[in-house]
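Contents: one structure, followed by commentary.
The values are calculated or read from the model by the stated rules, or taken from the named source; none is laboratory data. Every value quoted in this text rests on a predicted model; they were computed, and no experiment measured them. Heads up: the accessible areas ignore ligands, DNA and RNA and are worked out on the full protein's heavy atoms, side chains in. Shrake-Rupley method; radii C 1.70, N 1.55, O 1.52, S 1.80 Å.
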Amino acid sequence: MRCVIGFGARSTATAADVEALLADLPGAEALLADLPETDYVLSTVDTRLDLATEVAAAHGWTVTTAPAEVLARVDVPNPSAIVAAHTGTPSVAEAAALLAARAYPSVRTVFTAPDGPAPAVGGPAPAVGGPAPAVGGPARAVGGPARAVGGPAAAVGGPAVLLVAKRASAVATVAVAAVAPAVTVVGIGAGGLEDLSPAGRAAIAGATVLFGSERQLDLVAGGATGATSVSWPSPLVPALPRLLAAHHDERVVVLASGDPMYYGIGTTLGRLLGARHVHVVPHPSAVSLACARLGWALDDVEVVSAVGRSVDALRRVLHDRRRVLVLSAGAGTPAQVAEILHDTGFGASEVTVLESLGGPDERIHHDVDAAGPLNVVAVDCRGGGGIQVVPGLADGSYTSDGQLTKHEIRAVTLAALGPRPGELLWDVGAGSGSIAIEWLRAHRSCRAVAVERDPVRAERVVANARALGVPQLSTVVGAAPGALDGLQEPDAIFIGGGFTAAGVFERCWSALRPGGRLVVNAVTVESERLVADLHATHGGELTRIAVQRAAPVGGFLAWRPMMPVTQWLVRKAAWK
């Protein structure tokens, strides 16, 4: 196994700055002691060759570099618009690490420490996303030639994984990557080997390493006589990179329940390794089987997964006469579903438990307290209303201590923020969390972080998110700007509280991705004054929002004005 340490650094960074980050990596002592030092490569952008050479010389490592335009074509999990604006690539550390790991064993080295392996010379930089061209002779095979595993053969050395994602200090970033295997993912059902397609059986028969849960491995016992079976650890996702790297020269097959690309391990592996290094042999999903048994239209069913997630997400999709399928986490999920239905006024819904679909022990019944561990819960909703799907939920939908953006202002604010699928919001000074919660409710792929300095309010944010069907809301307890450190760069920011605190706007504006939106609702004279000053320098749109509600005055109705709000919307120029 070859480890590649990628790093990026400002022009003021020193070798000591890089060393400090390396020492601070998770499991640094074990990571750097696992392999002989000559098995390490230090990789960076070509403009930092001198610094890389200094660091590598102290460890006996070799160095490889690539120009920014090559690094910019590497898909990474943590791209940075700020880094892109300064260097010409959204990532240096992660991109450099993955690029060199993918090019192994023919990576082109530009420096070799004394007693290290001889550097390759001449030839172009390695191609992004695959092995480099041969440099100074043919590339060495790793573990033998590439082998077909139930599908197209993948070049050994092509896939790579990040063992440690980007870690940053004020002047440098570090990431660690390693060579990984191409993977075949085989979907299986409760019927085990007998129900598999010829392609699925052939893939399992040809595996040298078989990953899966204990139940999945038992279902295919005897189908892979020459394979080492590895049961998934818990938690799974953090362990995946090291597991894959440890078996980089094997024929790896991963077992998945049903369709691997539907709430399955196939999507996780695709993100980790790249789609071209993951070959999928699908099987009918539990959702398809459940709809077939119930006679429900697959395209008209809401699906909620409780596997590794909170079942409270069910609350978001409950509406009268809608049909919902819940992918259960175990035998207890059906009872949890029934409890939520009762709490939300949908207790009259018809609940069906479908167990071991497609297997010899398949059973369909309505007893939520007698469910087996492998089940899907079907809900034919009957009840009052549900939660509206557009922003501006009634104020009574939230518990609060008064720190709540009122529903009229909230609807206008969400319109200004303009949530789009997959985008990330920072809700700074979240109060009751209403803006972040309704951002998440706009689309199931939207993401949000609520930042609140008051621990009691932060707990209330979490409770509101669960009650309104978006338990995935991430909550950070702390005061801005310090609490914003380390958060992923957002696509939109709402500053509700703490706007006038020193450095809050500047930190938010610097983190906002190009093309992103920032919205401030100012109520006090001080916050309005700051908005006016910032508008003069940054531009944007100013809107004055005044709301009056009718309220009794004696035996009559009169208009009672709410505090007016000055809303500032400013868009950051898109990076070109």
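Some points to look at:
- Couplings for the stretch 221-226, taken from phi via the Karplus curve 6.51 cos²θ - 1.76 cosθ + 1.60 with θ = phi - 60°, read 4, x, x, 10, 5, x Hz in order; Gly and Pro are left as x.
- Relative contact order (percent, whole number), the chain, Cα cutoff 8 Å, 6+ residue spacing: 9 percent
- The stretch 298-383: relative contact order as a whole-number percent, Cα under 8 Å and 6+ apart: 35 percent
- Geometric extent, Cα atoms of the chain - Rg, Dmax (angstrom): 27.3, 95
- For the stretch 289-402, the per residue solvent-accessible surface stands at 47 Å², with DNA, RNA and ligands left out and a 1.4 Å probe.
- Averaging 1/r over each pair of different alpha-carbon atoms in the stretch 339-467 and inverting the result gives 17.0 Å, the Kirkwood hydrodynamic radius.
- 3J(HN,Hα) from dihedral phi, the stretch 69-80, Karplus parametrisation 6.51/-1.76/1.60, rounded to Hz, x for glycine, proline: 5, 6, 4, 5, 8, 8, 6, 10, x, 10, x, 10
- Cα gyration tensor category, rounded, prolate or oblate, for the stretch 167-257 with a/c compared to 1.5: prolate
- Taken along its principal axes, the alpha carbon cloud of the stretch 502-576 reaches lengths of 61, 25, 18 Å, longest axis first.
- Antiparallel bridge percentage (DSSP; both residues within the chain; nearest 5): 50 percent
- Computed accessible area, residue 279, all protein chains, 1.4 angstrom probe, square angstrom: 60 Å²
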